[in-house]
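The block underneath contains the structure these notes are about, expressed in structure tokens.
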Amino acid sequence: MFVSMLRARLPLALCSLLVVAAPIPALTQRRPPAAQPQRPNWAQIEVETMQHFQALLRFDTSDPPGNEKPAADYLKQVLEREGIPVEIVFNEANRPNVIARLKGNGSKRPLLIMAHTDVVNTDSTKWAHPPFSATREAGYVYGRGAVDDKDNVVAGLMMMLMLKRMNVPLDRDVIFLAEAGEEGATRVGIQLITQQHWPKIDAEYCLAEGGNVTRVGGQVKYASVQTLEKIPRGIELTARGPAGHGSVPLRGNAVVHLAAAVAKIGATRTPIKLNETTRAYFQRLATISTPAEARRYLDAISGDAAKMNAADDQLYDLEPRHSSMLRTSVSPNIITGGYRSNVIPSEAKATLDVRMVPGEDTTALLAELRRIIDDPAVTVAFSSRASRPETGIQRLDSEGFRAIEAAVKRTYNAVTLPTMSTGATDMAYVRERGVQCYGIGPAIDVEDGPKGFGAHSDQERILEVELHRFVRFQWDIVEGLGRARRVP
Ligand SMILES: [Zn+2]
């Protein structure tokens, strides 16, 4: 096994876990006392949230083929009815994207709230309630998209309606983007918008899917806020050798060379590479874990090579997602070669799924894999597979992250774990432009995924109380970042 470690011990710069909410600004003496900010009527908001949520769930926006148009039309109509201007952009007529904007006084750069209207496909025979029925039962709402991502769509919609109705004075524009194609056709969604309509969503901060609040036994344990994501790439191993008759084995058999190379890669973990997010993640997770788990997390970020190696070995066996979060991961997932049993093929290929930590040196990574394989018959090269862009480093000491942490504390009374997701999201395209993006989501019972009710599962559902709490959570963030601090 090959595991080398970073030598340098890097400082553990952690934000304070408790961030006090920004004070309400003092009014100047020349002005009469202004009314207190109006409080939302939450009982009414909940009724309306549920109406819109069920309406959105009932549109079959399965991707492929997508057909997000009915959901986009619905959002447009609801927003315009409130007097909120809406723009529709698309490159396929049945897959439109909705962009709405509320103007602020311009003293700060905009806040973007984004969510996708498409959903993954369903096998309706596996659903107790039809996947587009939005059935309410025993405190849950069932439907494809309930936690991915029509929860975020409806929350974003409600933010716009509430800001507008309550006439909240804003320091910055608040933009709502409901995009198509996130589940596999970003060319009609976020790529189209970032490449051809960038000024419409250009912002300082963005909120999107990618985080959630974890409940265990019905109790909130922590909030995961996605502040970083790995960058997916493919690497191809190609073994070449002489072709021949299968009755005469050859030392140069391409299949044998490829198999040996794949075995070496499978036994390898690349060096641990930490960043601000992963250090803070493990540090904070340790504070709410069992002593044995906490030891592993703290050892893994300790800077002591022996301790890091030992912790990493345990994580790989017990918590493989956490092992992946420590490094650029490499997983051999496709292997091809040969076409009939009596022919020695001249070529065999393997495809590695590589998930790079931001800032990875791609040239050094290829060189390292070549060194491990150590076989001139095998070439190592990046494949042409579509990737997501490299993203800039996200900061945890920003106004945006602090506002989210404070809202987590107030809404859930829980610790915020800044998280680097091992998978990729649409936020990569927005972060590439320098926007600080944060993935958030509602509280989900950790037990619900294994029961088959999670995102992309055979069935999907959300707790009604948690949908409503998520809207209040998002309101806390959006109002905190958006409401004007100074009397004009
Ligand atoms: Zn999603």
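Derivation of every value follows stated rules applied to the coordinates shown; laboratory data play no part. Because the structure is a prediction, the values reported are computed rather than measured. Cβ coordinates were reconstructed from backbone atoms using ideal geometry, including for glycine residues, and neighbour counts include every protein chain displayed.
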Notebook entry, point to check: Got the relative contact order for the chain handy, in percent, Cα pairs under 8 Å and 6 or more residues apart?
Noted result: 24
Checklist line | J(HN,Hα) series, the stretch 133-148, from Karplus relation 6.51 cos²θ - 1.76 cosθ + 1.60, nearest Hz, glycine and proline x | finding: 8, 6, 5, 9, 8, 6, x, 10, 10, 9, x, 5, x, 4, 10, 7
Note to self: Skipping prolines and chain starts, which residues have an amide H placed within reach, meaning under 5 Å, of the one on residue 441, given they are 5 or more residues away or on another chain?
What the structure shows: 211, 212, 213
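Restricting attention to the stretch 128-214, which trypsin sites (Lys or Arg not before Pro) occupy a DSSP loop and are surrounded by at most 16 other Cβ atoms within 10 Å?
Values: sites: 136, 144, 150, 164, 165, 172, 187, 200; in loops: 144, 172.
Of the trypsin sites (Lys or Arg not before Pro), not one in the loops of the stretch 128-214 has a Cβ with at most 16 other Cβ atoms within 10 Å.
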Margin query: Can you find, among 329, 250, 239, the residue sitting farthest towards the positive end of the charge dipole of the chain, where Lys and Arg contribute +1 and Asp and Glu -1 at Cβ?
Written below: 329
Notebook entry, point to check: Non-local amide H neighbours of residue 173 (under 5 Å, H modeled in plane, Pro and chain starts lacking H): which ones?
Noted result: 104, 106, 111
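Output the pairs from 108/200; 221/409; 221/273; 126/221; 76/150; 230/273 with a Cα-Cα distance over 20 Å in this structure; if there are none, say none.
Values: 108/200 16 Å; 221/409 12 Å; 221/273 27 Å; 126/221 30 Å; 76/150 15 Å; 230/273 12 Å.
Long pairs (Cα-Cα over 20 Å): 221/273; 126/221.
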Next item on the list: Would you list which lysines come within 19 Å of residue 349, measuring only between C-alpha atoms, while excluding same-chain residues fewer than 8 positions from it?
Entry: 264
Next item on the list: Taking a cut-off of 13 Å between Cα atoms, list the aspartates and glutamates near residue 451, but don't count ones fewer than 8 places away on the same chain.
Entry: 460
Checklist line | Residues whose placed amide H lies under 5 Å from that of residue 62, excluding near-sequence neighbours | finding: 119
Next item on the list: Calculate, in nm to one decimal, what residue 319 and residue 44 gain on full extension: separation in residues at 0.36 nm each, minus their alpha carbon distance.
Entry: 94.7 nm
Item checked: Helix 69-81 vs. the chain, principal-axis angle (Cα, 0 to 90°, nearest 10) -> 20
Notebook entry, point to check: Cα axis of helix 150-165 to longest principal axis of the chain: angle in degrees, 0 to 90, nearest 10?
Noted result: 30
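If you wrap the chain's Cα atoms in a convex hull and average its projection over all directions, what's the area in nm²? Write down the numbers at each step before the final one.
Numbers: hull surface 105.6 nm².
Taking the Cα atoms of the chain, their convex hull projects to 26.4 nm² on average.
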Check: Which angle from 0 to 90°, rounded to the nearest 10, does the C-alpha axis of helix 464-482 make with the longest principal axis of the chain?
Finding: 80
